[in-house]
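Enquirer: Sharing a structure here in structure tokens format.
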Amino acid sequence: MAQIVVDNLVKTYRVAERTPGLWGALRGVARRTHRTVRALDGVSFSIDRGELVGYIGPNGAGKSTTVKALSGILVPDGGRCEVAGRVPWRDRIAHVAEIGVVFGQRTQLWWDLPVIESFDLLREIYRVPGDRYRQARDQMIELLDLGALLDVPVRQLSLGQRMRADLAAALLHGPAILFLDEPTIGLDAVSKLAVRDFIKQINRDRGVTVILTTHDMDDIEALCTRVMVIAGGKILSDGTLVALRAQVTRERWLTVDLVDAGAAIDEPGATEIRRDGHRVCLAFDPEVVPPAALIQRLAGRHAIRDLFVENPPIEAIVARLYASHGQAP
Amino acid sequence: MIRAGGLRPYRAIVGARFRVLLQYRAAALAGLWTQVVFGLVLIMVYEAFYRSSSPATQPIAFAQVASYVWFGQALFAMLPWSADAEVRAMVRSGAVAYELCRPVDLYGLWYARAVAQRSAPTLLRAVPMALIAALVLPRVGLGEWRLAPPPSLACAAGAAVALLGAFVLSCALSTLNNVSLLWTLGGEGVVLLMTTVVTLLSGLAVPLPLLPGWAQPVLAWLPFAGLFDLPFRVYAGHLAPGQLASVLVRQTGWTLALIALGRWLLGRGLRRLVVQGG
Amino acid sequence: MTRLPDAIGDAIRLYGRYAALSIRSQLQYRASFVTGVVSTFLVTASEFLGIWALFDRFGQIRGWRLPEVALFYGLVSVSFAISDSIGRGLDLFGATVKSGDFDRLLLRPRSTVLQLLGQDLPLRRIGRLAQGLGVIGYAVIAGSIDWTVGRALLAVASVAASVCAFLGLLVLQATTAFWTVESLEVWNAFTYGGATMGQYPLSIYRWWFRGFFILVVPIGCVVYFPGVAILGRPDPLGAPGFVGWIAPLAGPAFLAIALQVWRVGVRHYRSTGS
């Protein structure tokens, strides 16, 4: 049952052009030239209730524009969009009451207020009935380990603590859909894991639909079964991580630690992509050269201390995807 | 004292301010518009008072009152209002302690800041304001409210000199404003007090000649009269050119006294802050 | 859709919460709060001192004496203090739009204007409020106003209407921030200028100035006509007696129009993105 339906969304921005230098500045006073940027160029997808979807793309690709349109802040120029049966920008107030949004880089909590007071104020704003609020609040406090932080003013929280508080705040009114924009940015390793665990939990146990926008591929690999890649206002890929990989390349990487650091490696079907002292990384196509055969041949010719086979990191996959569509990452 | 080559850091500060302010043309125009409206309200009020009273109560002619109002509005930005935002930020963050590390005369540095703060907006506002008040008003049928030109070249020249004296005096008062932040730890109390006093005693709220007769001698010798009231009297020809010397003496005397006070307070204030570790 | 009485009660409750939070955090800095109130009082008191000095010299202005002018002055002072305080969030809207914080307001299921009003309620304006009440007190004592219940209510209505008018100006000022952040100062001519203008009875101004502040930005309308009715004297402008009693309606009407313009501004913001 599709909860979010996006059909051929189009959004163009007019950006004023700036000519550098003094002459440009003077001319700019008299006349401004404009450049049109197609932030969304026919974006279509649909998301079912309870999905956990990753949404990635280079900067300026249209990620935040999509999220703004879906959350009702932005009115697109063309196309259709329905979230939980509503057009987001038309029934703003009814729509935003049912969604939660967390921005990684700015908090929605009140800077000078203790965390619990921010929560109480949000309860008033979202008109959450007393019992439901208390239940949601207590659950969030427990899940995100906020007990010790409740009386601390938000400005005194560390980045990790603030993100946990923001996540709780976004869910106090029990939204069915959660938009997360770079939730793990700048966080330490422990906090990142905590945030990821929480996202997984609320998606799995409560069926909250999550749309996760991020540059951190570890987030994607840890959380998302489905990934959408957007670049230049167009969706380049929409499916599982495996499918994304396969779409770009079948390539696998074999990394060996050689005893002899200077040894040259010359194997048909394998390309050396990196050498770092003893460690050499080779790329190969498993359908042309089976991994076992390659390893056997190498072991026969060189003394090997250690080796492992892996997929190219998802960053490399995605960068290639961007590049193949003419986009700089 | 400051030597010629050593003026470079001070010049740099002033230049930087100018460049920043010149970018905000739209804001300057907006401010100009607001001042014009204010000036019109004030002049209409005085006009109503004048029409309702006998000449015996009128120490100066109405046309002079109108010119007085525009003169004050044109020089509005020059008056020692609000403290320098940079200084306020420095004091609040504690970075002001670094001032003691600077290899320049500290009071000179602070004075240069005041010069920067006052000069750029003044020049941006004064000239257009004066032009509008002098030339545009007659064109729209409000000629009786205009800023009248000085009666003679000597008066114009004298006014220019007196305005220079006023500028120097205002910067000394401005510096005092900034220095006060050291003592109140960023609180605006003294600045607010200065604003109130200046508004009332410089002639901006009510032209000084229209204030009670018994107050006139006091007002004439306070520093605030030197800000634009005295220069105006030279401009309008109320004072004989010879009396220009008296005006300059009053302005300079107060300027030197305020500089001395400022130097002392700045030195003590900085040392006090460092001792407190604040 | 919720019913109107519920919606209003809802909004008041939320605003009350915002106000309580703001007041509490200000009272934490008691010393600073006290000095703020005292200094605001002194500043506004010195303003009235200037007016007193003018009356001391000239005696009257177009037939109006000081106690009568004091009534107008006091009414404007009180309303300006109230609206300046309530509308602080609107006054700072330029910064809110610039930093992108307006998006967060759009993401909440409440009126954006209500949220902006709730951002801050600076209490030091009480200084000006006290001064305004003091001046009205002087007008009551020194003037010979024949107070009836009706006139007292009219005074309250006049203040409420002026608050609406000033808030309307602040809403319009905030709306222009959607297009340009630098030129917001133009509105000071109407807010501060309007307040200064309203201190004196409208009849002393030129007709075109009067007309503007009666028909376009009705600050003059909601202060002058009720003031004349309260004073119980004939109107030099020749308006019939009942005008003073219906004039306050212009305030909320102006605010309603301003809020419609605000909607246009929000629509523009949501179409062009931040």
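The values are calculated or read from the model by the stated rules, or taken from the named source; none is laboratory data. Treat the numbers as computed from the prediction; the structure is a model and nothing was measured. Please note: Cβ atoms are built from the backbone with ideal geometry, for glycine as well, and neighbour counts cover all protein chains shown. For accessibility, only protein heavy atoms count, side chains too; no ligands or nucleic acids. Shrake-Rupley method; radii C 1.70, N 1.55, O 1.52, S 1.80 Å.
Enquirer: Computing the accessible area with a 1.4 Å probe over protein heavy atoms, can you report the carbon and sulfur percentage for chain A?
Expert: With neighbouring chains kept in place, the figure for chain A is 49 percent.
Enquirer: Next question. Per DSSP helix of 4 or more residues, -39500 (n - 2.57); summed, then divided by the residues of the protein assembly as shown. What does that give at 222 nm, rounded to the nearest 500? Spell out each step's value before the answer.
Expert: Values: 35 runs with 495 residues, N = 881.
Roughly -18000 deg cm²/dmol at 222 nm, from the helical runs in the protein assembly as shown.
Enquirer: Still on this structure, I have one more. Simple spin-label model, 7 Å along Cα-to-Cβ: C:Ala95 to B:Ala89 in nm?
Expert: 1.2
Enquirer: Counting only DSSP beta bridges with both residues in the protein assembly as shown, what percent are antiparallel, rounded to the nearest 5?
Expert: 70
Enquirer: While we're looking at this one, here's another question. Rounding to the nearest 10 and keeping the result within 0 to 90°, find how far the Cα-based axis of helix C:30-58 lies from the longest principal axis of chain C.
Expert: Computed tilt is about 30 degrees.
Enquirer: Find how many whole Å separate the alpha carbon centroid of the range A:305-323 from the alpha carbon centroid of the range A:110-126.
Expert: 44
Enquirer: How far apart, in nanometres, would the label points at A:Ala222 and C:Trp179 be if each is projected 7 angstrom from Cα along the Cα-to-Cβ direction?
Expert: 4.8
Enquirer: Using 17 Å as the cut-off for backbone N distance, which residues of the range B:159-189 belong to the label zone defined by a point 7 Å from the Cα of B:Arg272 along Cα→Cβ?
Expert: Only B:175-189 fall inside the zone, counting backbone N under 17 Å.
Enquirer: I would also like to ask the following. I want the local charge near A:Ala168. Using Cβ-Cβ distances under 13 Å, sum +1 for each Lys or Arg and -1 for each Asp or Glu among the other residues.
Expert: Details: positive: A:Arg123, A:Arg137, A:Arg162, A:Arg164; negative: A:Asp120, A:Asp138, A:Glu142, A:Asp145, A:Asp166.
That sum, taken over residues with Cβ under 13 Å, equals -1.
Enquirer: Still on this model: Could you give the distance between the Cα centres of the range A:1-15 and the range B:145-205, to the whole Å?
Expert: Spelled out, the Cα-based centre of one part sits 58 Å from the other.
Enquirer: Now a separate question. Can you say what percent of the DSSP beta bridges in the range A:101-244, counting only those with both residues inside, are antiparallel? Round to 5.
Expert: If we restrict to bridges inside the range A:101-244, about 45 percent are antiparallel.
Enquirer: Another question, then. Of the lysine pairs in the protein assembly as shown, how many meet both conditions: Cα atoms under 30 Å apart, and a spacing of 8 or more in sequence or different chains?
Expert: 16
Enquirer: Per residue Cα convex hull volume for the range B:43-194, in cubic angstrom?
Expert: Roughly 145 Å³ of hull volume per residue.
Enquirer: When the distances between all Cα atoms of the range C:180-274 are binned every 5 Å from zero, what whole-number percent does each bin get?
Expert: All Cα pairs, binned at 5 Å, distribute as 3, 12, 19, 20, 17, 11, 8, 6, 4, 2, 1 percent.
Enquirer: Same structure again: Across the Cα atoms of the range A:204-329, what radius of gyration and what greatest pairwise Cα-Cα distance (Dmax) are found, in Å?
Expert: Rg and Dmax of the range A:204-329, Cα atoms, are 17.8, 56 Å.
Enquirer: Give me the percent of Cα-Cα pairs in the protein assembly as shown that sit more than 38 Å apart, rounded to a whole number.
Expert: In whole percent, the long-distance tail amounts to 57.
Enquirer: What is the distance in Å between the Cα centres of the range B:47-84 and the range A:34-75?
Expert: Cα centres, the range B:47-84 to the range A:34-75: 60 Å.
Enquirer: Assigning unit charges at the beta carbon (Lys, Arg +1; Asp, Glu -1) and nothing else, what dipole magnitude in debye, to the nearest 20, does the protein assembly as shown show about its Cα centre?
Expert: 2200
Enquirer: In angstroms, what radius of gyration and Dmax does chain C have, counting Cα atoms only?
Expert: Cα-based Rg and Dmax for chain C come out at 19.5, 61 Å.
Enquirer: Nearest 0.05, what FRET efficiency do B:Gln216 and B:Leu142 give at R0 = 30 Å with Cβ-Cβ as r?
Expert: My answer for the efficiency is 0.50.
Enquirer: For all pairs of alpha-carbon atoms in chain B, what percent lies in each bin of width 10 Å, listed from the first bin to the last filled one?
Expert: Going from the shortest bin to the longest, the percentages are 6, 27, 33, 22, 9, 2, 0.
Enquirer: Here is a further query. Rg and Dmax of the range A:2-246, Cα atoms, in Å?
Expert: Rg and Dmax of the range A:2-246, Cα atoms, are 19.6, 64 Å.
Enquirer: Another question, if that's okay. Counting only complete DSSP H runs, which helices of chain B cover 30 Å or more along their long axis at the Cα atoms and score a mean Kyte-Doolittle of -1.0 or above? Mind dumping the intermediate values first?
Expert: Numbers: long enough: B:25-51 (39 Å, 1.19); B:106-131 (38 Å, 0.56); B:153-184 (46 Å, 1.65); B:244-276 (47 Å, 0.78).
Qualifying helices: B:25-51, B:106-131, B:153-184, B:244-276.
Enquirer: On full extension of the chain, what length is gained from C:Trp207 through C:Arg263, given 0.36 nm per residue of separation minus the C-alpha to C-alpha distance?
Expert: Working: separation 56, 0.36 × 56 = 20.16 nm, distance 3.28 nm.
Once the chain is fully extended between C:Trp207 and C:Arg263, it gains 16.9 nm.
Enquirer: Taking GluC sites (Glu not before Pro) that fall in a DSSP loop and have at most 12 other Cβ atoms within 10 Å as cut points, what is the longest piece of chain A between them?
Expert: Free of exposed loop sites, the longest segment is A:18-286.
Enquirer: Chains B and C: how much accessible area gets covered up at their contact, both sides added, probe 1.4 Å, in Å² to the nearest hundred? Don't jump to the answer; show the numbers that get you there.
Expert: Details: alone 13880 and 14440 Å², together 25210 Å².
Its buried surface, counting both partners, is about 3100 Å².
Enquirer: Turning to a different aspect of this structure: Rounded to two decimals, what is the ratio between the C-alpha radius of gyration of the range A:250-311 and 2.2 N^0.38 Å?
Expert: This ratio for the range A:250-311 stands at 0.99.
Enquirer: Under a 5 Å amide H to amide H cut-off, with H placed in plane at 1.01 Å, what residues pair with A:Ile273 once short-range neighbours are removed?
Expert: Residues meeting the criterion, in which the H sits 1.01 Å from N, are A:Cys281, A:Leu282, A:Ala283.
Enquirer: Run the dipole for the range A:250-311 about the Cα centre, Lys and Arg Cβ at +1, Asp and Glu Cβ at -1, nothing else charged, and hand back the magnitude in debye, nearest 20.
Expert: 80
Enquirer: To continue, here is another question. Quick one: accessible area per residue over the protein assembly as shown, 1.4 Å probe, rounded to a whole number of Å²?
Expert: 45
Enquirer: Also, quick follow-up: Using a Gaussian network model on chain A with a 10 Å cutoff between Cα atoms, which of A:Gly186, A:Gly54, A:Gly62 fluctuates the most?
Expert: Maximum fluctuation in the GNM of chain A, among the listed residues, is at A:Gly186.
Enquirer: Say each of A:Arg279 and A:Asn311 gets a label point 7 Å from the Cα, pointing the same way as Cα to Cβ; how far apart are those two points in nm?
Expert: 2.1
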